[in-house]
Structures are given as C-alpha cells and as structure tokens.
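These notes concern the structure reproduced below.
The values are calculated or read from the model by the stated rules, or taken from the named source; none is laboratory data. If you're wondering where the values come from, they're calculated on a predicted model, not measured in any experiment. Cβ sites come from the backbone with ideal geometry, for glycine too, and all protein chains shown count toward neighbours.
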Amino acid sequence: MAKALNILTTKNLKEESILRGRSLLVTPDELKAKKFKEFLDDLLYTAQHSEDQGNVPAGGIAAIQVGQNKRVFYSLNYDTEQWELFINPSIEPHGFLKVTGEEGCLSIPNFTGNVSRYFKIKVRYQDLDGNWITKKYNDINAASIQHEFDHLEGILFTDRMEK
C-alpha cells in the first residue's frame, strides 16, 4: 500500500542543497524493478495527499522533492484531471510565446511568485514500460511540466521569478 514520503523544503539548508542537485537518469533495470514501481506509487500518493503535510494541493511532484535523485516526476493534467508520469523527460519550446503566471511549490511552502514560461512545449519521455512518447502541451499544463522539469535540473521557481 502506498505511503506518503517526506517532502524536502528550502527551510532546511541540507534539504535545499539536495533540491538543488541535478537528477540522474532512470536506468532500464530500475524501470523494471519492483522497488522503483513502489517508489512511484508512494511519490504519486505524496502528491495526492500533500495537504496532509500541511501543504497546498499539488499540481506536480518530482522525485528529488522527496530525496530521490532520479529524473522522474508526476504532473497533474488540468484538462483531464489525471496524473501523468514522466520518466527521463526532455523538453523543447514549441514556438516563442511565453506567458507569466503565479507559481508555488511544495518545497517552498507559503510562498508564490510570477514566473515566465513557454506557452507551448513538446515533451519526450519514457513510460513505465520504457517506451518513448512525445506529446505537446500548452498553457497551465506546459507551465506545470516546465516547473517539474526544472526540479530535475536543480532549479527552483524562485530562481526564475521576475525580478
């Protein structure tokens, strides 16, 4: 049965240094491992129950936010209300249009700020079976995916806030 994992925050300097690390690729062997699938269940459960840790409802969560240095995250698709899993993703802008929106983060509690993101993106990622998938997203889904992808690079939304 899935359980909630502890969400790292910038309130703790050691945890912030972990959050600022660059995540490693998920290997084919890890993809097949029962332990990895159990971790993914726990990661999703943590996002879906983020309010239980005194936080806001989550729109996404990256593995690094719970101390796992792996290139994987979940993002809530606001069009379908379904959680989507992204393993070893890469992102490229689809066009030049950027929009600014207010963002928050489970790892930076009680703080929001305006961030400029690409309005349309193309994401290439693996599913749980290791298959490569390419999809396009726009608007809030694109912003949310870019936010989670930044976590894999050790970037926090506060690093991208408009000055």
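Which count do you get for residues in the range 2-29 that are outside any helix (DSSP H, G or I) and either among the hydroxyl-bearing types (Ser, Thr, Tyr) or at positive phi (or both)?
Here the count works out to 4.
When we screen Thr27, Thr46 for residues that are buried (at least 17 other Cβ atoms within 10 Å of the Cβ) and either out of contact with any Asp or Glu (no Cβ under 9 Å at 6 or more places or on another chain) or modelled with pLDDT of 95 or more (or both), the only hit is Thr46.
Where strands (runs of 3 or more DSSP E) fall wholly inside the range 31-150, the ranges with 1 or more residues that are in contact (Cβ under 8 Å) with a residue 12 or more places away in the chain and of a type in the set (A, V, I, L, M, F, W, C) are 60-62, 72-77, 82-93, 98-105, 108-118, 120-126.
Scan the range 58-105 for residues that are of a type in the set (Asp, Glu) and either closer than 16 Å to Leu44 by Cα or buried (at least 17 other Cβ atoms within 10 Å of the Cβ) (or both) and the total you get is 3. Filter the range 5-50 down to the residues that are more than 17 Å from the chain's Cα centre (by Cα), within 23 Å of Asn77 (Cα to Cα) and of a type in the set (Asp, Glu) and list them by number. Selection gives Glu38 alone.
Among the residues of the range 80-138, those identified as over 14 Å from the mean Cα position of the chain (by Cα), under 17 Å from Phe157 (Cβ atoms) and not hydrophobic (A, V, I, L, M, F, W, C) are Lys98, Thr100, Gly101, Glu102, Pro109, Asn110, Thr112, Gly113, Asn114, Ser116, Arg117, Tyr118.
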